[in-house]
Amino acid sequence: MDVATLRDLRLRVQGLRAPFDASASDVVRRFVAVQAQEFVPSQWGLAARVPHDRRPGAASVAAAIDDGEILRTHVLRPTWHFLHRDDARWVLELSAERVHRANAMYYRQTGLEGADVARAMDLVAAVLEGGHRTRAEITAALEGGGLPKAGLGFTYVMLHAELERVAISGANVGKQRTYAAFDERVPPAPPKPRDEALAELAARYLAARGPATDRDFAAWSGFTLGDTRQAFADAADRAGAHGGRIEHVDVDGVTHRLDAEAVAAASDRSNVGDGAQATGVDLLQAYDEYIMGYAAPRAYLLPDGLDAVHAEFPLHALMIDGVMSGRWAPVVEAKRVRVRLVPWRGFTAREQRGVAASVAELEAFFGLPAAVEVERD
């Protein structure tokens with residue numbers, strides 16, 4: 001398999017060509033975890049994987065988050081992810097120990113050690129018993145309990161509370177995000193044995209992102225290469241439980257794994273839809289799973305002459321045929337959304353039509369007219 005074929009398969013399996021998930025929450029369920037630092041752009045990343053005739057607007061995705069179908073928390077690595085409520089408990093149980101380990105230095109720096117840890121968790125749990133609480137309300141509760149934590153200290157208190165299944169995202173209050181009691185938002189479920197949970201994570205990762213390497217899964221999941229190889233072996237033994245048959249393919253001398261059924265189903269979708277998908281243009285958020293679902297340096301998405309791509313916030317990734325060809329950013333205002341485009345090269349007529357179609361999709365998502373501003377890199 002060559003790199004162009006790899007790109008095409010990943011775009012299809014990820015649902016960026018002929019989208020097939022019925023809703024934003026179904027996208028999250030299929031992907032297990034979706035990186036979500038940038039709150040609004042990451043919601044666009046979910047909507048973009050839903051067919052045009054069902055594609056949700058920003059208000060609809062926000063409602064799924066407020067309702068708790070989609071939850072936002074720190075998991076796998078010390079960064080925000082969306083999880084489906086049915087997966088939140090077992091994925092957090094599986095990854096909490098590794099994320100705690102990654103946070104250890106910051107726990108020490110912010111004084112979250114010893115008896116203060118249990119005290120902080122008790123205070124957070126107590127304030128959340130009364131309902132969904134804003135950052136300011138939780139900070140006040142910590143201070144009232146004699147444990148003042150602000151700034152970075154508050155961040156790591158709440159990280160610890162999320163990993164310990166004390167707190168998780170709540171419903172927005174106006175423009176303020178809140179935390180809620182974990183057990184209020186996440187249905188009860190018996191714990192999964194670690195090997196079974198890791199095998200399920202690996203199988204579902206491949207079904208939504210393959211072909212991928214061992215390094216790709218290790219980088220995405222936060223687990224070691226040893227854990228990764230064992231997880232893939234266990235997933236292959238359990239084929240059918242959470243994924244299809246796992247096969248191997250060589251891409252430029254590197255072994256990639258794929259879910260044969262997921263790839264076959266994606267490849268059979270000959271209709272790539274209309275608009276941006278038909279012209280190969282995607283306006284992806286910078287942490288989209290097409291980018292962050294794989295290990296650096298992510299050569300498959302790099303144009304000639306570029307050996308690395310770094311985040312340049314507030315700019316995101318303008319992709320043409322799966323290759324990064326510029327940056328973009330949505331600037332949402334009261335009566336319009338300004339779409340900043342920073343192309344890295346001139347575009348063909350087909351590509352210009354694709355950019356226009358993508359901007360139209362953003363208009364529909366935000367429910368606002370779009371004004372395009374082109375900047376030269």
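The values are calculated or read from the model by the stated rules, or taken from the named source; none is laboratory data. In this text, all values refer to a predicted model and were calculated from it rather than measured experimentally. We place every Cβ from the backbone using ideal geometry, glycine too, and count neighbours over all the protein chains shown.
Would the stretch 277-295 turn up any residue that is outside any helix (DSSP H, G or I) and surrounded by fewer than 16 Cβ atoms within 10 Å (Cβ to Cβ)?
yes
Table: residues versus (1) more than 21 Å from Pro78 (Cβ to Cβ); (2) in the same structural domain as Val173 (by TED's automatic domain parsing); (3) of a type in the set (A, V, I, L, M); (4) in contact (Cβ under 8 Å) with a residue 60 or more places away in the chain.
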residue: Gly111; (1), (2), (3), (4): no, yes, no, no
residue: Val117; (1), (2), (3), (4): no, yes, yes, no
residue: Ala125; (1), (2), (3), (4): yes, yes, yes, no
residue: Gly130; (1), (2), (3), (4): yes, yes, no, no
residue: Thr139; (1), (2), (3), (4): no, yes, no, no
residue: Gly144; (1), (2), (3), (4): yes, yes, no, no
residue: Leu147; (1), (2), (3), (4): yes, yes, yes, no
residue: Ala150; (1), (2), (3), (4): no, yes, yes, no
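Here's the yes/no breakdown for (1) modelled with pLDDT under 95; (2) buried (at least 17 other Cβ atoms within 10 Å of the Cβ); (3) of a type in the set (Val, Ile, Thr); (4) outside any strand (DSSP E or B):
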residue: Thr139; (1), (2), (3), (4): no, yes, yes, yes
residue: Glu143; (1), (2), (3), (4): no, no, no, yes
residue: Pro148; (1), (2), (3), (4): yes, no, no, yes
residue: Tyr156; (1), (2), (3), (4): no, yes, no, yes
residue: Leu159; (1), (2), (3), (4): no, yes, no, yes
residue: Glu162; (1), (2), (3), (4): no, yes, no, yes
residue: Arg165; (1), (2), (3), (4): no, yes, no, yes
residue: Tyr179; (1), (2), (3), (4): no, yes, no, no
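Mind listing just one residue for me: the one in the stretch 62-73 that is without any contact (Cβ under 8 Å) to a residue 60 or more places away in the chain and not charged (D, E, K, R) and, of those, surrounded by the fewest Cβ atoms within 10 Å (Cβ to Cβ)?
For the stretch 62-73, the residue satisfying everything is Ala63.
Filter the stretch 330-364 down to residues that are of a type in the set (S, T, N, Q) and part of a helix (DSSP H, G or I) and give me whichever is surrounded by the most Cβ atoms within 10 Å (Cβ to Cβ).
For the stretch 330-364, the residue satisfying everything is Ser358.
Please name all residue pairs, on different chains or six or more residues apart, with Cβ atoms under 7 Å, provided the first residue is in the stretch 74-87 and is surrounded by fewer than 21 Cβ atoms within 10 Å (Cβ to Cβ) and the second residue is at pLDDT below 95.
As it stands, the answer is Thr79/Gln37; Trp80/Gln37, since those pairs meet every condition given.
(1) of a type in the set (D, E, K, R); (2) in contact with a Pro (Cβ under 8 Å, 6 or more places away or on another chain); (3) closer than 16 Å to Gln285 by Cα: which one isn't true of Glu361, the others all being true?
Exception for Glu361: condition (2).
Could you check Pro193 against (1) out of contact with any Ser or Thr (no Cβ under 8 Å at 6 or more places or on another chain); (2) at pLDDT 95 or above; (3) surrounded by 16 or more Cβ atoms within 10 Å (Cβ to Cβ); (4) not hydrophobic (A, V, I, L, M, F, W, C) and say which number it fails?
Pro193 satisfies all of (1) out of contact with any Ser or Thr (no Cβ under 8 Å at 6 or more places or on another chain); (2) at pLDDT 95 or above; (3) surrounded by 16 or more Cβ atoms within 10 Å (Cβ to Cβ); (4) not hydrophobic (A, V, I, L, M, F, W, C) except (3).
Within the bounds of the stretch 182-193, is there any residue that is aromatic (Phe, Trp, Tyr) and out of contact with any helix residue (DSSP H, G or I) (no Cβ under 6 Å at 6 or more places or on another chain)?
The answer is yes; a qualifying residue exists.
Within the stretch 307-329, which residues are part of a loop (DSSP other than H, G, I, E, B) and either touching a residue at least 60 places away in the same chain (Cβ under 8 Å) or out of contact with any Leu (no Cβ under 8 Å at 6 or more places or on another chain) (or both)?
Selection gives Asp307, His310, Ala311, Phe313, Pro314, Asp321, Gly322.
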